[in-house]
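Participant: Please read through the structure below; I'll follow up with questions.
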Amino acid sequence: MPNRPVFRRVAIVGLGLIGGSLALAIREHGLAGTVVGTDRRDDETLWARDHGVIDEMAFSAADAVKEADLVVVAVPVRATRDVLEAVRPALSDHAVLTDVGSTKGSFIQAVQAVFGEWPERVIPGHPIAGSEKSGIRAAHGDLFDRHKIILTPPDSVAPEALDQLTRLWEGCGARVLTMSVDRHDEVLAATSHLPHLIAFSLVDTLAGEDDNLDIFRYAAGGFRDFTRIAASDPIMWHDIFLSNREAVLNMIDHFTADLGQLRQAIESQDGERLLQVFSRARAAREHFSKMLSGQAYVNTEQQNQVTFRLQPGGAAQGDIRVPGDKSMSHRSIMLGALAEGTTEVTGFLEGEDSLATLQAFRDMGVTIEGPDQGFVRIHGVGLHGLQPPHGPLYLGNSGTAMRLFAGLLAGQRFDTELTGDASLSRRPMNRVADPLRQMGAVIETGEGGKPPLRLRGGQTLTGFHYDMPVASAQVKSCLLLAGLYANGDTSVAEPAPTRDHTERMLNGFGYPVTRDGNTARLSGGGRLTGGPIDVPSDISSAAFFLVAASVAPGADLRLQHVGINPTRTGVITILREMGADITLENEREIGGEPVADLRVRYAPLRGIRIPEDQVPLAIDEFPVLFIAAACAEGTTLLTGAEELRVKESDRIQVMADGLAAIGVDSTVTDDGIEIPGGQALRGGTVDSHGDHRVAMAFAVASLRAEGEITITDCANVATSFPGFDRLAQEVGIRLTVEACE
Ligand code: S3P
């Protein structure tokens, strides 16, 4: 459908692939009253007019830009200055001027040379789209559709000019990003210019070999894929390399040094080093392709929008295994990396949170194979073997990762910065930063004690005793991990029992942690020895199905191999007290952790006052327990749970709002909620606020709902429970997933 014109008259100077495609896109989408075009070669200009690429033609740049309110310079970058000189006298005052070149520093130099300054209506641009084909005959109107366009406006940019130009590109289907000129040139040197240089160089090297015909005749797909870009326009690339000289030279030096190291590794038969580089590269490629397709531990703003749609009714029947425990998966990577020797993990949760932890260790030089269907092999580097990462460690949505990393990085010899997505960036970090500072760590937080965290390396940590003001396993674990690097003893007392996976796993790795009443204690300076870890299914993920089967009439469900560590089983205690029929079968101990199969059958639930001592033991299960409460007879009262307000969302308020959206009234208090059971669950639209457990909890509510429930902002379900939708469907929950960019 045609848009409303954004500009009255657009002049395009240079009718090559990009200029021609932009002219076509503008015309096809009705984004300008008139598109006038000109090219240095008159026959190209004529061709463009005759083939409907432009509305009007001009035979000089100066003629083309007269009265235009947008001028697009689309010539090879080294020709820019001449074009700017030619158009300047004819340019109207209100015209916006932009370009499409691959280097922005050189464009700005040309602008300043011609205009003496950087005018507020000159907005450099670079569409990240193209083809190895060049020229007007290869132009097509959807070249920019779903591609990025980078604009590098001046600080003083005229806002309406930026807005207009943005709308023009968006009208062509592109996504507009803005960044500084220097950043653009660095990023492009690394991601585009260097690969083109290598492709040109490699093909040239091979073409010069004596048996070159054979080389090209037998070249397999890999060679063709890798060298496709060596068929690009030589003049254009000659211009780009000369224009972006500094940034490209930096990248070439960096790459040459790394290539030299690989050469050295091959020469000295250093297989370990090769494996390290290749597995890190493979993982990085997967990581980036996930990031680009918006599925991974990326900023939620960039993620695909995922909506759950649930039909009422449905069932909870079958025999399933939910994915591995999130807390243990994080810790298996952390301790495996810091151990000496190899650690093999089975049952690893391939969710985005634990993958972020895995990636962070790879960024610090640890070789990690997998994950492959829950199997991960970590080549531990010892407590002092981590390497400084090249940039901030991005921990996605995971509070556990950020707090535990703070502990284990506080005592390293190098600086680190920890960042996360929008939700993590709102979570309190002083709870770990303050006690770590008491140990001697130097840590900066963002405003209000929020991420990012910046940790200064090279500090001497001293063990101490800490009485935790809140019952938090993350804080306890953080301090114990810092204690590994501290002089003397570190001990942490908890006001109520919290999950003890860190203590168990440290002991399993041969690092003694003792417990005296409510206090866990260790001495610094020991060593960890790698070994096998079997991660059981996550009881926090099983909880959705425990409630599902408890509230769905006729349900009978078995959950295999679930971790039932007593510091995690609050959900079973609470549900049983509400009348749930849950039995533990086949109880066993695996790798220091108790495990069982859980059988759960439908039973009418009643409201209860939830015992406060159960709160830390069921801390992640409250969203779905609120659904159980809504389906029960009588009122459920939760107190002493203010911690829920600082989880991935404010889980008290977000759940109360979601319940209200499906017709269930509740009363929110500072530290809990009162939910009168027995109300009808109607259909409605629930905003999960990007909180994975809120999203899954309302999916379970559909089993007792009277109408369709729509749950928005569900992409983060992948942080803890990849494949939730399939398992939910398998047991009979009537869930469909809608995803769009
Ligand atoms: C976790 C501890 C809990 C829990 C989180 C995982 C852990 O957080 O909510 O999902 O792995 O240590 P707190 O320690 O902040 O309660």
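Participant: Rolling a 1.4 angstrom probe over the protein heavy atoms, how many square angstrom per residue are accessible across the chain?
Facilitator: On the way: 30350 Å² over 741 residues.
Roughly 41 Å² per residue, with all protein chains present.
Participant: Just for segment 329-530, what percent of DSSP beta bridges are antiparallel, to the closest 5?
Facilitator: 75 percent
Participant: To the nearest Å, what is the center-to-center distance of segment 54-101 and segment 156-194, using C-alpha atoms only?
Facilitator: Segment 54-101 and segment 156-194 have Cα centres spaced 19 Å from each other.
Participant: What are the lysines whose alpha-carbon lies under 26 Å from the alpha-carbon of LYS104, with same-chain residues fewer than 8 places away excluded?
Facilitator: LYS66, LYS133, LYS148
Participant: Among PRO234, SER540, HIS390, which residue has its Cα furthest toward the positive end of the charge dipole of the chain, with +1 on Lys/Arg Cβ and -1 on Asp/Glu Cβ?
Facilitator: SER540
Participant: Take each of the peptides 274-281, 55-62, average the number of other beta-carbon atoms within 10 Å over its residues, and list them starting from the highest.
Facilitator: Details: 274-281: 14.9, 55-62: 17.5.
Peptide ranking by packing, descending: 55-62, 274-281.
Participant: So what are the ³J(HN,Hα) numbers for segment 519-533, from phi and the Karplus equation (6.51, -1.76, 1.60; θ = phi - 60°), rounded to whole Hz, Gly and Pro as x?
Facilitator: For segment 519-533, the Karplus curve yields 10, 9, 9, 8, 10, x, x, x, 9, 10, 10, x, x, x, 10 Hz.
Participant: Looking only at segment 527-546, which residues have a backbone nitrogen under 14 Å from a spot 7 Å from the Cα of GLU730 in the C-beta direction?
Facilitator: 537-538, 542, 545
Participant: Multiply the residue gap between ILE266 and THR639 by 0.36 nm, knock off their C-alpha separation, and tell me the result in nm, one decimal place.
Facilitator: Full-extension gain reported as 128.0 nm.
Participant: What Rg and what Dmax come out for the chain when only alpha-carbon atoms are used, in angstroms?
Facilitator: When restricted to the Cα atoms of the chain, Rg and Dmax are 30.1, 88 Å.
Participant: Let me ask something else. How many angstrom separate the Cα center of segment 263-282 from the Cα center of segment 545-599?
Facilitator: Between the Cα centres of segment 263-282 and segment 545-599 lies a distance of 46 Å.
Participant: Ranking request for peptides 252-260, 160-168, 40-48, 9-17: highest mean number of other beta-carbon atoms within 10 Å first, then the rest in descending order.
Facilitator: Averaged packing, sorted descending, gives the order 9-17, 160-168, 40-48, 252-260.
Participant: Tell me the carbon and sulfur percent of the accessible area for the chain, rounded to whole percent, probe radius 1.4 Å.
Facilitator: Answer for the chain: carbon and sulfur cover 49 percent of the accessible area.
Participant: Before anything else, pin down the relative contact order of segment 329-530: Cα pairs under 8 Å, at least 6 apart, normalised by residue count, whole percent.
Facilitator: 20 percent
Participant: For a paramagnetic label modelled at 7 Å from the Cα of GLN373 toward its Cβ, which residues of segment 325-346 fall within the zone defined by backbone nitrogen distances under 17 Å?
Facilitator: Inside the label zone: 345-346.
Participant: Which FRET efficiency value, to the nearest 0.05, do you get for GLU340 and LYS133 by plugging their Cβ-Cβ distance into 1/(1 + (r/R0)^6) with R0 = 60 Å?
Facilitator: 0.65
Participant: What number, in percent, do you get for the relative contact order of the chain if the mean sequence gap of Cα pairs under 8 Å and at least 6 apart is divided by its residue count?
Facilitator: Computed over the chain, the figure is 10 percent.
Participant: What FRET efficiency comes out for GLU706 versus THR583 if R0 is 41 angstrom and r is the Cβ-Cβ distance? Round to the nearest 0.05.
Facilitator: Given R0 = 41 Å and the Cβ-Cβ separation, E is 0.85.
Participant: Any chance you could run the full-extension gain for ARG8 through ARG456? It's 0.36 nm times the residue separation minus the Cα-Cα distance, nm to one decimal.
Facilitator: Full extension from ARG8 to ARG456 adds 155.8 nm.
Participant: Give the aspartates and glutamates whose C-alpha is closer than 16 Å to that of LYS476, dropping any in the same chain fewer than 8 places away, or say none.
Facilitator: ASP434, ASP467, ASP489, GLU494, ASP500, GLU503, ASP516, GLU643
Participant: In what sequence, largest accessible area first, do GLU120, GLU706 appear using a 1.4 Å probe? It would help to have the intermediate numbers written out before the result.
Facilitator: On the way: GLU120 95, GLU706 130 Å².
Result of the area sort, largest leading: GLU706, GLU120.
Participant: Considering the alpha-carbon set of segment 186-292 alone, what are its Rg and its Dmax in angstrom?
Facilitator: 15.8, 43
Participant: Another question, if that's okay. Cα centroids of segment 674-741 and segment 476-506: how far apart, whole angstrom?
Facilitator: What the calculation gives is 36 Å, centre to centre.
Participant: Any chance you could run the full-extension gain for ASP163 through VAL646? It's 0.36 nm times the residue separation minus the Cα-Cα distance, nm to one decimal.
Facilitator: 170.2 nm
Participant: Any lysines with Cα under 16 Å of the LYS647 Cα? List them, leaving off those in the same chain fewer than 8 positions away.
Facilitator: Answer for LYS647, where 16 Å is the Cα cut-off: LYS326, LYS450, listed by chain and number.
Participant: Let me ask something additional. In square angstrom, rounded to the nearest 10, how much accessible surface does TYR466 have for a 1.4 Å probe?
Facilitator: Counting only protein heavy atoms, TYR466 exposes about 40 Å² to solvent.
Participant: Roughly what % antiparallel, to the nearest 5, for the DSSP beta bridges in the chain?
Facilitator: That works out to approximately 55 percent antiparallel.
Participant: If you take the beta carbon distance between ASP145 and ARG41 as r and set R0 to 30 Å, what does 1/(1 + (r/R0)^6) give as a FRET efficiency, to the nearest 0.05?
Facilitator: Values: r = 27 Å, r/R0 = 0.91.
My answer for the efficiency is 0.65.
Participant: Could you work out the relative contact order of segment 606-661? I mean the mean sequence separation of Cα pairs under 8 Å and 6+ apart, divided by the number of residues, in percent.
Facilitator: 42 percent
The values are calculated or read from the model by the stated rules, or taken from the named source; none is laboratory data. Not measured: the values here are computed from a predicted model. We place every Cβ from the backbone using ideal geometry, glycine too, and count neighbours over all the protein chains shown. Heavy atoms of the whole protein, side chains included, go into the accessibility calculation; ligands, DNA and RNA do not. Shrake-Rupley method; radii C 1.70, N 1.55, O 1.52, S 1.80 Å.
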